[in-house]
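Below: one structure, written as structure tokens.
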Amino acid sequence: MLAVLTGIPGTGKTTTARRALEILKGQNVEYEMITYGDIMFELAKSRNLVKDRDEMRKLIPEKQKEIQKHAAKKISVMSAAKNVLVDTHCTISTPRGYLPGLPEWVLAELKPNVFILVEAKPEEIALRRQFDKTRQRDGEMTDEIRMHQELNRSIAMAYSVYSGCTVNIIQNPQGRLEEAAKRMSEILR
Ligand code: ATP
Ligand code: MG
């Protein structure tokens, strides 16, 4: 099983997923959680293209695309032997506009079974980003957060058209992580 986990930054996808995987472990269902960006970095590093993460963004777009595709293939192979949950982004907000996190050439290699989109209220996301000092996140205003989440719903269905994956939207309201994690564990089981 290959499940893709997305949600805009600060929505709580990593926290919810960690808890969901704990619940599943208690039910003897094992998952490996991986981050798409980590796989890309490892591949680029092994090919001596970069030494640290910051250099990834400086690679020419063609190289980035090639590594992105290679990572999809690698993850797809991993998922043949075990359950894999890939933490990634549905769309990426750039100064020039939004980019799909899973363009067609990635979906063709990855072939996910399940697509999960974690959502929260824009006001809550804005607050979480403000208070989570462990991370550096770009500051998006509440209206932008709302629009970004709406856009992700649309593109999630487009991903489904390309890959045949099912799409699940999980709400992660403030202080109700356990409910969100339980819902996620049910989808992944
Ligand atoms: P990124 O895309 O940047 O990795 P993320 O979606 O993985 O972000 P997390 O790092 O999981 O987000 O969570 C962001 C912050 O919100 C963390 O401080 C986390 O503890 C908090 N948080 C997550 N879910 C909830 C919740 N239901 N209630 C309260 N706080 C939450
Ligand atoms: Mg995260």
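Condition check ((1) away from ligand 2 (no atom under 16 Å from the Cβ); (2) within 30 Å of GLN174 (Cβ to Cβ); (3) touching a strand residue (DSSP E or B) at 6+ places or on another chain (Cβ under 8 Å)) across all residues:
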| position | (1), (2), (3) |
| --- | --- |
| LYS13 | no, yes, yes |
| ARG18 | no, yes, yes |
| LEU24 | yes, yes, no |
| ILE39 | no, no, no |
| LYS63 | yes, no, no |
| GLU66 | yes, no, no |
| ILE75 | yes, no, yes |
| ALA80 | yes, no, no |
| TRP105 | yes, no, no |
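Out of the residues in the stretch 6-28 meeting the condition of being open to solvent by 30 Å² or more (accessible area, probe 1.4 Å) and not in a helix (DSSP H, G or I), tell me which one is farthest from ligand 1 (Cβ to nearest atom). Ranking the candidates gives ASN28 first.
Exactly one residue among GLN174, GLN136 is away from ligand 2 (no atom under 16 Å from the Cβ) and assigned to a loop (DSSP other than H, G, I, E, B), and that residue is GLN174. Counting the residues of the stretch 29-69 that are within 16 Å of ALA17 (Cβ to Cβ) and open to solvent by 80 Å² or more (accessible area, probe 1.4 Å) gives 1. Taking each residue of the stretch 139-152 that is in contact (Cβ under 8 Å) with a residue 24 or more places away in the chain and looking for partners that are assigned to a helix (DSSP H, G or I) with beta-carbon atoms closer than 6 Å, six or more apart or interchain, yields ILE145/PRO122; ILE145/ILE125; ARG146/PRO122.
The values are calculated or read from the model by the stated rules, or taken from the named source; none is laboratory data. Keep in mind that this is a model prediction, so the values were computed, not measured. All Cβ positions, even for glycine, are placed from backbone atoms using ideal geometry, and neighbour counts span all protein chains on display. These accessible areas exclude ligands, DNA and RNA; they are computed on the full protein's heavy atoms, side chains included. Shrake-Rupley method; radii C 1.70, N 1.55, O 1.52, S 1.80 Å.
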